[in-house]
Amino acid sequence: MIKTTTPRLSRSKNEIVEFYDRLKKIYLMDEPVTCSRRESKRIRVTVPICISTMDEDGTIYHQQAISRDVSRHGIGMVCPNPIGREYALLTIQPTVGPVFDVLARVVHSKEVGYYYHVGLEFMTHGESQ
């Protein structure tokens with residue numbers, strides 16, 4: 001049986017940092033990937049993600065994705081379809097511990113073969129809209 005909970009649309013920066021640190025403890029085998037233009041280091045991690053979006057009529061769409069990397073500010077992922085909205089609810093499902101719901105803003109989306117490489121920025125209190 002799958003236990004579901006009401007997603008939390010509002011996360012504090014501290015909650016996101018704690019989630020990043022939890023992922024780092026579970027999955028990190030190498031040093032984080034660094035890039036001079038990034039605010040924080042990214043870690044390569046592959047976890048399933050459910051992406052939920054809503055259109056103007058209130059219809060909710062879901063698609064599955066796989067993460068490529070995560071930082072304290074956002075996540076990179078591969079998904080089969082473009083997200084098609086500026087904001088999405090991500091339900092990140094690590095193999096250990098609880099799922100993590102977070103609202104994110106699509107920063108970039110690029111078609112690569114049959115998939116899309118998508119980068120999203122985590123939203124914290126007071127940043128959406």
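Observations on the model:
- Per residue accessible area of the range 73-129, 1.4 Å probe, in Å²: 54
- Surface share of carbon and sulfur [accessible, 1.4 angstrom probe, percent] for the range 59-129: 53
- For the range 76-81, Karplus couplings with θ = phi - 60° (6.51, -1.76, 1.60), whole Hz, Gly/Pro x: x, 8, 10, 9, x, 9
- Here the 3J(HN,Hα) profile of the range 56-73, calculated from phi with Karplus coefficients 6.51, -1.76 and 1.60 at θ = phi - 60°, is 4, 7, x, 6, 9, 10, 10, 8, 8, 9, 10, 6, 10, 7, 9, 10, 6, 10 Hz, Gly and Pro shown as x.
The values are calculated or read from the model by the stated rules, or taken from the named source; none is laboratory data. What you see is a predicted model; the values in this text were computed from it and never measured. Ligands, DNA and RNA are excluded from the accessible area calculation, which covers all protein heavy atoms including side chains. Shrake-Rupley method; radii C 1.70, N 1.55, O 1.52, S 1.80 Å.
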